[in-house]
Structures are given as C-alpha cells and as structure tokens.
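Q: What follows is a single structure, and I will ask about it in a moment.
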Amino acid sequence: MSAPRPPSPQPHPAFVHSGNAIIAAGNRGRFEAARLLALDLVSCPGAGTPTLVIETFRRWSDSPAAVILNRDRPSNDLQRLHATGMPILSIDPGPARRLDAARIAEAIDRLSLPECGLLFIDDLGEPIGPTEIDLGETIRIVVCPAIDPPTTLLDNPVVWPATDLLLVSKIDLLPHPSANVEALITAARHLHPEIAVIRLSARTGEGMSRWLSWLRTLLAARQLTTRPEY
C-alpha cells in the first residue's frame with residue numbers, strides 16, 4: 001500500500017459553508033498546534049466504528065488518544081468505549097443528527113486534547129447523505145461495512161473527493177451474498193483515484209496492522225510540522 005497522501009491544508013470547496021468554515025478553520029488550527037491527528041470517522045450504523053476505535057486503542061502504544069463521541073450511539077457502545085479508559089466526551093449531534101464544526105469546537109474546549117496523539121471523532125450519520133460538513137479534521141475516513149454498504153455512498157460526488165481513506169470493515173463476514181466491496185471501491189476511486197483503501201476486521205484483527213501502520217505514518221509526518229504560533 002502506498003504511503004498516505006498528506007492532508008490538504010484547506011477543506012474541499014463542497015464543504016465550505018459560511019460560519020461553519022470559519023469555525024472549522026479554528027478547529028484545524030488547534031489540532032495543528034497540538035500536533036495531533038483528528039480523525040473524522042464518517043460512518044453509518046452497523047459499520048462497527050466503536051469496535052474499531054476500541055481495538056485500535058488496545059493496539060496503540062505510540063501516543064495518547066481521546067474520543068469525541070456521538071451521543072446517538074447505543075448505550076452498550078458508550079459503555080464499551082468508556083471501559084477503555086480513554087478520555088471520552090459524548091456530545092449531542094443536534095436536530096440534524098450530524099456533527100458540525102461548532103459542536104466540535106465546544107467539545108475540544110471541554111476535552112483535554114491528546115498532544116501529539118490521536119483524536120477519534122465519531123461522525124455517525126444515517127444515511128451518509130449528499131453533503132458532508134467540514135469539522136476541521138486532519139483526516140477524513142469513511143468506515144463502511146463489507147456487507148450491505150449504504151447505497152448513498154455509491155457515486156456520491158461530495159463524500160469521496162474529500163475522503164482520505166475508505167476503511168472497509170467487518171471483512172470477517174465475507175464471503176456474503178450481499179457483499180459489494182469491489183463496487184464500493186470502484187465508485188470511490190472513480191471520483192477520487194488516489195484514495196487509500198484498507199480492508200480489516202476489528203473483531204479478528206485481520207488488516208489491523210496495515211491500519212496502524214497508516215496511522216503511524218501520518219502521525220510521524222505530523223510531528224515534523226512546525227508548531228504554529230498564535
């Protein structure tokens with residue numbers, strides 16, 4: 001797998017919304033100042049994102065980590081994540097049921113940011129719709145299950161161009177009659193030829209080493225950047 005491309009310093013034009021873009025830029029500056037990776041995990045219910053975060057943290061000894069959690073998660077997911085001991089802040093996504101830059105800004109005011117570490121942003125949505133909101137994240141990752149991927153993702157002209165990684169989860173369930181992994185990857189690469197793709201199972205551990213290596217490469221690059229002065 002090729003080295004992950006460095007994140008664009010500016011959000012994709014399709015994500016620029018007045019007000020939100022200004023707040024997102026402020027979030028981005030705070031993440032850069034802390035030299036951390038803010039990972040926007042865009043997913044739908046059933047993608048296994050909580051298990052992915054838990055198993056990543058269990059295998060991750062490189063640096064601190066924290067989670068901004070969507071309060072729409074089922075209570076058992078919240079309990080499992082809190083049991084890891086990671087700093088976790090659960091936030092209300094609001095009437096639109098999606099996070100925005102203002103809610104992330106409020107969260108990082110209340111959460112001790114893990115300097116030189118990882119911040120997982122649980123960007124749960126149903127479905128992954130025609131527009132996405134810039135949160136100020138360092139990296140945007142779409143987490144999609146190997147079986148029954150949301151049809152809203154296929155040929156989505158907004159999601160893919162600004163996504164750094166397609167993470168195909170739950171590959172331990174393959175083969176399966178409802179699996180359409182290759183069509184999903186083809187659709188993503190049609191709109192973003194350079195998108196990275198990792199297939200994994202957080203439950204069995206298959207593919208986790210590639211995922212951790214991808215994160216380490218990005219975090220190492222992040223540490224080499226000059227801390228901005230304010």
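Where a number appears in this text, it was derived from the coordinates with a stated rule and is not lab data. In this text the structure is predicted, and so the values were computed from the model without any measurement. Don't worry about glycine lacking a Cβ; one is built from the backbone with ideal geometry, like all the others, and counts go over all protein chains shown.
Q: Starting from the Cα-Cα distance between E106 and R59, subtract it from 0.36 nm times their residue separation and give me the gain in nm to one decimal.
A: Full extension from E106 to R59 adds 14.0 nm.
Q: What does the convex hull of the Cα atoms come to per residue for the range 18-134, in Å³?
A: Given the Cα convex hull of the range 18-134, per-residue volume reads 98 Å³.
Q: Using the C-alpha gyration tensor of the chain, what are the square roots of 5 times its eigenvalues, in whole angstrom, with the largest one first?
A: For the chain, the ellipsoid semi-axes come out as 24, 20, 19 Å.
Q: Remind me, relative contact order of the chain in percent, using alpha carbon pairs under 8 angstrom and six or more residues apart? The partial results should precede the final answer.
A: Numbers: 423 pairs, mean separation 64.1, N = 230.
Reported as a whole number, the value is 28 percent.
Q: Take the range 81-126, compute every pairwise Cα distance, and split them into 5 Å bins from 0; I just need the percent in each bin.
A: 5, 18, 31, 25, 15, 6, 1
Q: Fewest first, what order do T51, T56 take by the number of other Cβ atoms within 10 Å?
A: Neighbour counts put them in this order, fewest first: T51, T56.
Q: Per DSSP H run of n ≥ 4, the term is -39500 (n - 2.57); total these for the chain, divide by its residue number, and report the mean residue ellipticity at 222 nm rounded to 500 deg cm²/dmol.
A: Helix contribution divided over all residues of the chain: -9500 deg cm²/dmol.
Q: Could you list C44, C116 in order of exposure, starting from the residue whose Cβ has the fewest other Cβ atoms within 10 Å?
A: Neighbour counts put them in this order, fewest first: C116, C44.
Q: Let me ask you something else. Scattering from the C-alpha atoms of the range 124-222 alone, worked out with Debye: what is log10 I(q)/I(0) at q = 0.14 1/Å?
A: Taking Cα atoms of the range 124-222 as identical point scatterers yields -0.54.
Q: Can you sort R80, R97 by how many other beta carbons sit within 10 Å, fewest first?
A: By the 10 Å Cβ count, ascending, the order reads R97, R80.
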